[in-house]
There are 2 protein chains.
Amino acid sequence: MHKLGIIGYGGMANWHHQSIKANFKDLEVVAAYDIDPERLELARKNGLKAYETADDFLASHEFDIVLVATPNNFHCDYVCRALEAGYNVVCEKPVAMSVEELDKMDATAKRTGHLFSVHQNRRWDQDYRIMKEAYDTGMIGKPFTIESRVHGQGGMVHGWREFKVAGGGMVFDWGVHLIDQLLDMVDSKVVSVYANLHSVRTPEVDDYFKLVFRYENGITAQVEVGTFNLVQLPRWYACGDGGAIVINDWDCSGKIIHTRDTVMNWEPVVVQTKAGPTRTMAPRPADTLEELPLPKVETSWTSYYRNIIDTIDGKAELIVTIPSVRRVLRLIEACFESDEKGEGVKTDI
Amino acid sequence: MHKLGIIGYGGMANWHHQSIKANFKDLEVVAAYDIDPERLELARKNGLKAYETADDFLASHEFDIVLVATPNNFHCDYVCRALEAGYNVVCEKPVAMSVEELDKMDATAKRTGHLFSVHQNRRWDQDYRIMKEAYDTGMIGKPFTIESRVHGQGGMVHGWREFKVAGGGMVFDWGVHLIDQLLDMVDSKVVSVYANLHSVRTPEVDDYFKLVFRYENGITAQVEVGTFNLVQLPRWYACGDGGAIVINDWDCSGKIIHTRDTVMNWEPVVVQTKAGPTRTMAPRPADTLEELPLPKVETSWTSYYRNIIDTIDGKAELIVTIPSVRRVLRLIEACFESDEKGEGVKTDI
C-alpha cells in the first residue's frame, strides 16, 4: 500500500485525487498542503489531512509519494525539498521552468536515491496511442509530415497560466504534452526548430504557437496550439510514402487512406477546377484509394501511477524518465529562443 | 489589335491559346515555335503559323507579344532574345531559375524598353480573392496565422517537372503561386523563413514541401504543397483576433466564424473529453459563435491579359510587375537555402 501527499491542491491535484480514488486499491491520497485556505478546506472535505505549512507537510511521513501540483515556478523548490525529506516525487508538467532547474532537481533525486518522475500522462492518450500504433506498424509507410494540433476556441488562459512569472502560456501548458508525444513516438534526434509564438488575447504569455521541427531521419513535425482558433484543424494529421492518417479530435474519429495501386496503373488526366486546369493536382480515380479504419488501442491514464507504484516496488522500469522530459524541455527552450530571435535554431536534441 | 506568338507550345501554352481565343477580341494568338514536331503539328491544326526555328520565329514580327512557355531553364534565354528582337514579353511562372537570371532578364527589358511580365494568373483565383477580401476588410481581425495548402493525391510529377535541371519540383511549380499570393495579400516584409522539402516519390525534385515564414508585422504564414497527401487539409485557413476563416477547396466552400461576445460573458467550465478534463480547450457555448458566409468576389483570369494589353496601350499600370515576382523568387531561394542548411534563414524580403 502506497500513500500520496499533494503539494498544491488546485484543479489538477483534485483531478489526480479523484482519479486515484476511483482506480487504485494500492495507492491512496491522504494529505495535502496548499497556501490557499479555501483549497485546504476542500482537501479536508475530500477526506485529506490538510497541512497549513510545507514544513509540517514534509515532516509528517504519513505518505511515501509526494505529488507537486503547484504553479510551475514552484516545482523546482518543492520537488527538491520533498526529495531531500525522503519522499518519492511525482511532479506535474512542465517539470520545470528551464533545463537548469531540472538538472538541479535531477541531481537531488540522484543524490537522495528517490524516485522522481513527471506526470506526462498524455503518453497514454487514446488519440496519441492510435497515431503511435499507426506509426509503429508502418500503416502510412515512411512519414514525411506528422502534425499535432490542439485548437481551442475559448480565448482565455486561466489563473496563474496567464502570467510569465508562473511559467504560463500554451507552450508550457499544452506544448509540453504534444512535444513529449512526438519525441516519445519518433526515435530520432531533432536537428532544427522554428517557432512563432503569439499573444492573441493574453498579453504576458503565448496563447497560440506554431512549431515546426525536423528530425535527423528526415521527418518534418509540426505542433500547433491555440486558444482562439474558432475553426479547428484535425488533432493529428500525417502523410507518408504509403498513405495518410487523420484523427479528427479527441473523440478519435478519423481514417487511414491508402492507395490500392503499388504501381501507377491509371492515366493522369488534366481536370478543370475552379482554379483552372491541373494534372498534378487532379483527384485520383476513387477506385485507386482505399479507406481503412483507425487501429484499435487500449489505453488508460491509470498506467502512469501503476508504473510509479511498480517502479517503487521494484517490479517495473520507470516509463516517464527524467532524460525523456529533459529532451522536451530542451526543445521548449529552443522554441523560445527561435521565437525571440525570430529565426530558426539548430538543435541536437 | 494585338497579336501573340508562343515559344514552347506545350500543355500550358495550348491552354493560353484556347483561353485567349474564347475571351478576347483585341488579342489573337497567331504563331508558335516548339522544338517538338508533334507540338508544332498541333499548333498548325489549331490554326497557328508554326515556326521550326527560334530565329525565324523571332524575325517574323507578325505579332507584338511573345509568350514564353518552355521548361523553366529556357525562360531566361528566350525572354532576353524576344526582348532584344523587339517584342513585349509574357513569361510563364516561375519566371526564372534564380534571382540572378531574373535580374539579367529585367535589365534587358529596361534597356530595350519593352513590357516584361510573368503569368502569375493565380492572383485572380477565386479562392485567393475571397481570402484577400476577408483579409483586406478585417473579417477575422488581425490575423496571427494564414495557411495556404494544395494537397494533391496523384503521387506523380509530370514531364520535365520531374527534373532538377529543368527547374522541376513543387516549390517552383505550385509554391511560386502560393507564395506570390501571400506576398501580394500582406503588405509587410518577410523577416525569416523555415522550409522542409521532401522527395517522397520523385527522386530528383521536391514533391512535398512545408514552408513557414514570419512577416515583420507579426503574422505567421504557412505554405504547404504535396503530390501524395491522400488526406487533404483545407486550401486556406486563417485565424485572427476577431475570428477565423476556412476555404475548403477550389470549389470555394467554407465559412467565417466570429464570436458574438466582445467581452467574455460566459463562465468557462471544465469539460471531460476522451483526453481528460480541460477548461482552456473546452468548446464554447454554441450561442457565443456566429457563422458567416464567405464574401462574394468577382474574378477572372482574363484580367491578366486585359492588363497586359491595356499596359501596352498606355491605358493601365502593369499589375504583375518584375519587383513583385522578384520578391517571390527571393523567398524561393531562401526556401532552398533553409532546406539545404536544415535550419531557418533570416530574410529581408
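Just checking, how many residues over region A:207-226 are in contact (Cβ under 8 Å) with a residue 24 or more places away in the chain and out of contact with any Ser or Thr (no Cβ under 6 Å at 6 or more places or on another chain)? Total meeting the criteria: 11. Could you please let me know if B:ASP241 is at the interface with chain A (Cβ under 7 Å from one of its Cβ atoms) and farther than 17 Å from B:MET185 by Cβ? For B:ASP241, the condition - at the interface with chain A (Cβ under 7 Å from one of its Cβ atoms) and farther than 17 Å from B:MET185 by Cβ - is met. Taking region A:302-321, which residues are touching a Ser or Thr at 6+ places or on another chain (Cβ under 9 Å), within 16 Å of A:CYS91 (Cβ to Cβ) and surrounded by fewer than 20 Cβ atoms within 10 Å (Cβ to Cβ)? Residues satisfying the conditions are A:ASN307, A:THR311, A:LEU318, A:ILE319, A:THR321. Among the residues of region A:27-61, what is the count of those that are under 20 Å from A:ILE312 (Cβ atoms), out of contact with any strand residue (DSSP E or B) (no Cβ under 6 Å at 6 or more places or on another chain) and not in a helix (DSSP H, G or I)? Number of matching residues: 1.
The number of residues in region B:149-167 that are more than 11 Å from every other protein chain (Cβ to nearest Cβ) and not charged (D, E, K, R) comes to 5. When region B:136-147 is filtered for residues that are surrounded by fewer than 19 Cβ atoms within 10 Å (Cβ to Cβ) and more than 11 Å from chain A (Cβ to nearest Cβ), the ones remaining, listed by number, are B:ASP136, B:THR137, B:GLY138. Looking across region B:1-14, just one residue is touching a strand residue (DSSP E or B) at 6+ places or on another chain (Cβ under 6 Å) and within 14 Å of chain A (Cβ to nearest Cβ), and that is B:ALA13. There is no residue in region A:45-55 that is open to solvent by less than 60 Å² (accessible area, probe 1.4 Å), touching a Pro at 6+ places or on another chain (Cβ under 9 Å), at pLDDT 95 or above and not small (Gly, Ala, Ser).
Quick check on region A:151-164. Is at least one of its residues surrounded by fewer than 24 Cβ atoms within 10 Å (Cβ to Cβ), touching a strand residue (DSSP E or B) at 6+ places or on another chain (Cβ under 9 Å) and either free of Cβ contacts under 8 Å to residues at least 24 places away in the same chain or not in a loop (DSSP other than H, G, I, E, B) (or both)? Looking for residues that are surrounded by fewer than 24 Cβ atoms within 10 Å (Cβ to Cβ), touching a strand residue (DSSP E or B) at 6+ places or on another chain (Cβ under 9 Å) and either free of Cβ contacts under 8 Å to residues at least 24 places away in the same chain or not in a loop (DSSP other than H, G, I, E, B) (or both), one finds at least one in region A:151-164, hence yes.
Filtered by the rule that a residue be within 24 Å of A:ASN14 (Cβ to Cβ) and outside any loop (DSSP other than H, G, I, E, B), region B:269-324 gives B:VAL271, B:GLN272, B:THR273, B:GLY276, B:PRO277, B:THR278.
Reported count of residues in region A:168-219, each being open to solvent by 10 Å² or more (accessible area, probe 1.4 Å), within 26 Å of B:HIS198 (Cβ to Cβ) and in a loop (DSSP other than H, G, I, E, B), is 6. Taking residues in region B:322-349 that are more than 14 Å from chain A (Cβ to nearest Cβ) and within 30 Å of B:THR311 (Cβ to Cβ), and partners anywhere that are surrounded by fewer than 18 Cβ atoms within 10 Å (Cβ to Cβ) and hydroxyl-bearing (Ser, Thr, Tyr), the pairs with Cβ atoms closer than 8 Å and at least 6 places apart or on different chains are B:LEU329/B:SER98; B:GLU333/B:SER98. Looking across region A:21-44, just one residue is touching a residue at least 60 places away in the same chain (Cβ under 8 Å) and crowded, with 18+ Cβ neighbours inside 10 Å, and that is A:LEU27.
The values are calculated or read from the model by the stated rules, or taken from the named source; none is laboratory data. All values reported here derive from a predicted model rather than from experimental measurement. Note that each Cβ is placed from the backbone with ideal geometry, even for glycine, and that neighbours are counted across all protein chains shown. Accessible surface is based on the protein model in full, side chains and every heavy atom, while ligands, DNA and RNA are left aside. Shrake-Rupley method; radii C 1.70, N 1.55, O 1.52, S 1.80 Å.
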